[in-house]
Amino acid sequence: MNKLVLYCRAGFEKEVAAEITEKAAQCGIFGFAQLTENSGWVLFDCYQAGEADRLARELPLSQLIFVRQMIVVGDMLRELPTADRISPIIARYQALNPLKSCDVWVETPDTNEAKSLLTFCRKFTVPLRAALKKSGWLATSERDKNAIRLHIFFIGSGQCYVGYAYIANSSADFMGIPRLKFPAQAPSRSTLKLEEAILSFIPKSEEKKRLNAQMIGVDLGACPGGWTYQLVKRGLFVYAVDHGKMAASLHETGRIEHCAEDGFKFQPPKRKQIDWLVCDMVEQPQRISKLMIKWLTSSWCRETIFNLKLPMKKRYQEVKYCFELIEESLTKAGLAYQLQAKHLYHDREEITVHIQLR
Ligand SMILES: C[S@@+](CC[C@H](N)C(=O)[O-])C[C@H]1O[C@@H](n2cnc3c(N)ncnc32)[C@H](O)[C@@H]1O
C-alpha cells in the first residue's frame, strides 16, 4: 500500500499530477505520478514505504484544488475471476491489514465510459459489504477520529484498486461528488456552483452567522441570477451588477438592486458596508484576481467567492500565479486571510476560490 489514487474531473489529470507532486514534496515525500489523459484519476507512487498512508493522513484534501478524493492503494488487482471477485479483495485487505473500517464504497472514475461500470458497482457493494462484515473488516464507528473507509476503485469489470481513506481527511461524498438538487425557482444552473462552494468552504455550523438577513452582498456578473438567488435565499440584500437582465422572480423578492454597470468599475454604494462579494464574470484569471485584491485591500468586503476561468493549457501554473499575486498584495496591505480553492464538481474549465479576511 504505497500509492495514492486521486480522483478528478476527466481532463484535469495533469493538474492533479503537478499538484500532488508539489504538495507531497512540501511534506518531504517524493514519488511519481502516472496518468492517462481524460481517465478521471491519477496514480501517485511514493518511493518510501508508508508514505502514501502518511499523505492520506497529513496532507489535507482541502489543500488539493483539483482532487475530489484521495485513497491509499496497493498494486492494481487484475483479471478478477467473474465467479468470485470478493475473495481476492478480502485477501488483499488481509495482506495489507489497514485499520478496521466502518463502511465500504465501490466506485469508478467519473467518465462516460465508466458509467456502465457504476451499475455493476452498486450491485456488487451488497455482497461485498456482507462478506467484509463477516470477515471482521467493517467493525468500527465513524466517530473514531482515525476511522477509515474502505474504497474499491474499479477501472474495468475485472480490474480494481483496493484501498482506504481516512474519513477525517476525505470527501464525505460517494466518488467525491456532492449530489445537489437543482432548485426549481433558481434562474440558472450556475446556482449549483455557488451552492456547492458555500457547502465546501463554510462549515455548516457557521453558515447562519456568516450569511444572513443582516448582510449585504454584491454579485459581479450576476445575470440571470443563479448566484444572487443563493445569497437572497440566505436572506442577504444583493447589488446585482451586470448589463444583462436579471430574472423577474429575483426582483419580486425586494432583496436585490440591479446595477447595469461594468463589474470592473462598480464600487459599493456610499455608507454601505458590503459583507460578501461574489463574482462569476468570464474574464482572464489575473484580471479577476486583481479585482478581488482591490475589493479586499480597499475594505469594500470581508469575504468573497469567485471563479477563475481556466481555458488555457497551463492551468495549474496560472492558478499558482494568481495566488502569488493575491498573497503578495494582501500581505503587503497587512491583511490576514484564509484562502481556499477547489475545482468543484459543478465547475467545468474553472476553479472556485474563497477568501475570508481574519
Ligand atoms: C457566467 S455568467 C454569470 C451567471 C450567473 N452567476 C448566474 O448564476 O446566473 C457571466 C455574466 O458576467 C457578465 N459580465 C461579463 N463581463 C462583465 C463586466 N465587465 N461587468 C459586468 N458583468 C459582466 C455577463 O453579462 C454574464 O451575464
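The values are calculated or read from the model by the stated rules, or taken from the named source; none is laboratory data. Everything quoted here is computed from the prediction, not taken from an experiment. We work out accessible area using only protein heavy atoms, side chains counted, and drop any ligands, DNA or RNA first. Shrake-Rupley method; radii C 1.70, N 1.55, O 1.52, S 1.80 Å.
Taking amide H positions as placed 1.01 Å from N in the peptide plane, with prolines and chain starts having none, which residues 5 or more places from VAL67, or on another chain, fall under 5 Å of its amide H?
Close amide H contacts, sequence-distant or interchain: HIS343.
Over its Cα atoms, what ratio of radius of gyration to 2.2 N^0.38 Å does segment 245-358 give?
Here the Cα radius of gyration is 1.13 times the empirical estimate.
Among PHE120, PHE154, PHE66, determine the one that fluctuates most according to a GNM of the chain built with springs between C-alpha atoms less than 10 Å apart.
Highest fluctuation of the listed residues: PHE120.
Show me, bin by bin at 10 Å from 0, the whole-percent P(r) of segment 1-156 based on Cα pairs.
10, 38, 37, 14, 0
Using a 1.4 Å probe, what is the accessible area per residue for segment 88-131, in Å²?
With the other protein chains kept in place, segment 88-131 gives 50 Å² per residue.
Which of these, ALA213, ALA222, ALA168, has the largest mean-square fluctuation under a Gaussian network model of the chain (Cα springs below 10 Å)?
Its mean-square fluctuation being the largest, the pick is ALA213.
Can you give me the accessible area per residue for segment 250-301, using a 1.4 Å probe, in Å²?
54 Å²
Let me know the whole percent of all Cα-Cα pairs from the chain that are separated by more than 30 Å.
Cα-Cα pairs in the chain separated by more than 30 Å: 43 percent.
For segment 293-358, place one equal point scatterer on every Cα, skip the solvent, and apply the Debye formula. What is log10 of I(q)/I(0) at q = 0.22, 0.25, 0.29 Å⁻¹?
Relative scattering, expressed as log10 I(q)/I(0), comes to -0.95, -1.12, -1.32.
On the protein heavy atoms, probe 1.4 angstrom, tell me the percent of accessible surface of the chain carried by carbon and sulfur.
50 percent
Past 19 Å, Cα to Cα, is the threshold; run LYS309/LYS342; LYS100/LYS204; LYS294/LYS332; LYS294/LYS342 against it and keep the listed order.
In this structure, LYS100/LYS204; LYS294/LYS342 exceed 19 Å between Cα atoms.
In a Gaussian network model over the chain where Cα atoms closer than 10 Å are linked, find which of SER62, SER39, SER298 has the largest mean-square fluctuation.
Between SER62, SER39, SER298, it is SER298 that shows the largest mean-square fluctuation.
If you average over every viewing direction, what projected area does the convex hull of the Cα atoms of segment 52-117 give, in nm²?
6.2 nm²
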